[in-house]
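What follows draws every value from the coordinates through simple rules; no lab data is involved. Keep in mind it's a predicted model, so treat the numbers as computed, not measured. We place every Cβ from the backbone using ideal geometry, glycine too, and count neighbours over all the protein chains shown.
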Amino acid sequence: MQRMFATAALAGVVAGSALSGHAARGRLSAVVCDAFGATPRHDSLRALPEVKVQTPRNEQERVRVAGFSQNGETLRRMPTGDVVDVLHLLPAVWVRSLGGFGTATTVGTRGLGAAHTAVFVDGFPMGDAENATIDVSPFSLHRLNTVTIDVGEAPELLVPVRALGASTLHFTTLRRPLRIWSTVGAFDYRAAGAVSSFSTPAGQLQLHLDGEKADNDFPFVFDNGFLREPRRRHAAETRRWTPTVHWSAPSTAKWGNAEGGFRGNFARRQLPGAVLLYAVQEGERMNDDEAALHGRWSRRQGAWQWTAAAQWSTKNKFYEARDPQYPNGGRTDCYRQQEGWISVGTAHTLSSHWQWAYVMDATRSVLHQTGENEREAGRTMVQQALSLRFRDPKWTATLRLLRHDLFNSARQDDPTNPGTAADAGCFTLQGGAQATLLKKRRIEMGARAMIQTTFRPPTFAESYYFRYGNTQLHNERAFRLNIGGHAGGDFGRWQWQASVDAFVDRITDGIVAVPITPAVWRTQNLDRVLAQGVDLTASARFVCAAQTEVNLTGHGQWAATRDRSDAASRSFNLTLPYRPTQEAFLALDFAHRAFGVSTSLVYCGERWGTPQHLAASRLPPYAEWNAAARWKCRVGFSTLTLRATWMNLTDTQRESIRGYPLPGRTWIVDATFEW
């Protein structure tokens, strides 16, 4: 009897394949910057301090991408303990995590899940070799400079095809001579790290290393409707090390712009109880080792531009279940996967208004599975994109034609999941437009629209990994429509911004991880899924006096993702498992000189753990109250920042996945030295 559940291993699959219901955004930017080194700007764009932007003159002249933006200083002040908490502040982002420090976390947007979300780090598209997504939890909040989410049209014309999904999430890292930090928190959480950036004759070099450890044995209240008693989650110790190296060529190089880097993520996890299989308590372990090398080159000459990018990555996942039921007292599964891809493209400016681009990506992935079962699978994917853009001072429009070709092969000895993922090929279209409706000295208004068809094959994790894999999955297709608008103003000491979006997604053969029971999961296709919703976001800033200000930001959304496959089914027209219909966030921050305090409220609506909405699987709505305080001072030649954060002050008991509670009241204290 197998128990398939979404935790450290399955969290990526559930997030990558599940259909969320978040409203679309035109462009939402959150800049995490030094609270005393950045000068706030408040217009329909966002300020990006410490980021050098290199774009052609005619690209800068196009209409600015309309959307909601938030000052990075304000975001930095919010009650956040890690990057996962930062993502919760973004209205367009859906985060899947089982909670606790160091838990694998992936992100998705709207009704299409994380496999449609491209993740960029310093302008380079990353991706997990396991499931086409990337675990964002290794990104340290201390080295993060900006976070930007684009839902719909990519802002740049010449980008790899793998970046032209439903949304893109951009991280940029901090460029400082030296920053060192140390953090302690609840449940034996410890973290430390350093990042340094310096110039050499060969270019700019950045080095980073951090590590963290946590027991995650937090208390919770067990309540099944008949019995209510305090309990404690089994220890789920996590240890992680994350080294990165990034190099960029001098900007004066005659042969163009070039950069390269290495990133690693090495994690050791004790799973919280019997998770993937029936096993004794604390009998399951998961080791994840990932490393990647990447490089990028671009050059511009006259009206032409060329670009090339490549990445090679490897990931080893080792699973062990210790239990007397097995012949040797245990069971192991090992998945070794390598992936390499290359992207080449060119763009040409025809006139001051017209520009076209062509890009081709080629990807090769290989999976080797050993242990209880043997398997070897391979996949080759070729993607092409032909883009045309019209620019005008007041509006811009982009049209893209994409071609996807997929070839699979497999050799396996797995009687529970035989077969090979199917080959496929198809065309898709993307179209988007933004316009400035009103632009005056103190107020600006704009509108946007996007229409898109998407194609997504099942990932290796969805097809082959563990017992939730399914080699019979069909390729997912979707039709997306989004209409939105934004407005912003600056009136003396007041600055404000607001944005609203409405969307409809019609998804065919949606790839989802469905809980057959509250504890047993299986990836499968849903014939038809309808996702629709509305999202409203607003922020305001009031400058009380010199070096004293108050910031208020919030967002609310209604979004429903329903199964429309079979009218005779008990799950027809019901929201998919673990999809809240309502979500909201509100934050208030007060800053005076070197001291600041902030508080936030997070609300999540009712959810269900099974497709049929069984009463026993209901997850009630909940609200969290968080708070933070910070203080900054000079210590010799360095700057010391002390920060304390309290999450879930009311100790609200809640679950993201049925049967696996999230932490209650937690705290974090960190100290950061910067030179």
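Listing for the model above:
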item: Separation of the Cys426 and Leu601 label points, Cα + 7 Å toward Cβ, nm; result: 4.3
item: Residues His348, His555, His246 arranged by fewest to most Cβ contacts within 10 Å; result: His348, His246, His555
item: Length gained when the stretch Leu614-Asn328 is fully extended (0.36 nm per residue, less Cα-Cα span); result: 99.1 nm
item: Footprinting exposure proxy for Trp255, Trp306, Trp608, Trp494 (fewest neighbouring C-beta atoms within 10 Å first); result: Trp255, Trp494, Trp306, Trp608
item: Enclosed volume per residue, in Å³, of the convex hull spanned by Cα atoms of segment 367-454; result: 158
item: Rounded to whole Hz, the Karplus (6.51, -1.76, 1.60) HN-Hα couplings of segment 367-384, x for glycine and proline; result: 10, 10, 10, 9, x, 4, 9, 10, 7, 9, 10, x, 8, 10, 10, 10, 10, 10
item: Residue-span extension gain [His592 to Ser196] - 0.36 nm each, minus C-alpha spacing; result: 139.6 nm
item: Kirkwood Rh in Å, taken over all unlike Cα pairs in segment 280-349; result: 15.8
item: Distance (nanometres) between label positions extended 7 Å along Cα→Cβ at Ala623 and Gln472; result: 4.7
item: Computed E for Ala644/Ile180 - FRET, C-beta separation, R0 22 angstrom, nearest 0.05; result: 0.75
item: Backbone N under 11 Å from the Ala545 label point (7 Å along Cα→Cβ), restricted to segment 591-617; result: 593
item: Residues whose placed amide H lies under 5 Å from that of Thr581, excluding near-sequence neighbours; result: Gly605, Glu606
item: Rg in Å to one decimal, and Dmax rounded to a whole Å, for segment 489-577 via C-alpha atoms; result: 21.0, 65
item: Amide H within-cut-off set for Gly123, under 5 Å, with H built and near neighbours excluded; result: Phe171
item: In nm, spacing of pseudo-spin labels at Phe479 and Asp651 (7 Å Cα→C-beta vector); result: 5.3
item: Packing-based exposure ordering (other Cβ within 10 Å, fewest first) of Thr238, Thr548; result: Thr548, Thr238
item: Cβ-Cβ FRET estimate between Ala249 and Leu552, R0 fixed at 56 Å, reported to 0.05; result: 0.85
item: Anchor Lys213: lysines whose Cα lies under 27 Å away (excluding residues fewer than 8 positions away in-chain); result: Lys315, Lys317, Lys632
item: Residues whose placed amide H lies under 5 Å from that of Arg665, excluding near-sequence neighbours; result: Asp651
item: Length added when fully stretched, Leu401-Arg564, from 0.36 nm per residue minus Cα-Cα; result: 55.8 nm
item: Per-residue ³J(HN,Hα) for segment 178-185, Karplus 6.51 cos²θ - 1.76 cosθ + 1.60, θ = phi - 60°, Hz, x for Gly and Pro; result: 6, 9, 10, 9, 9, 9, 10, x
item: Proximal lysines to Lys254, defined as alpha-carbon separation beneath 21 angstrom and excluding residues fewer than eight positions away on the same chain; result: Lys52
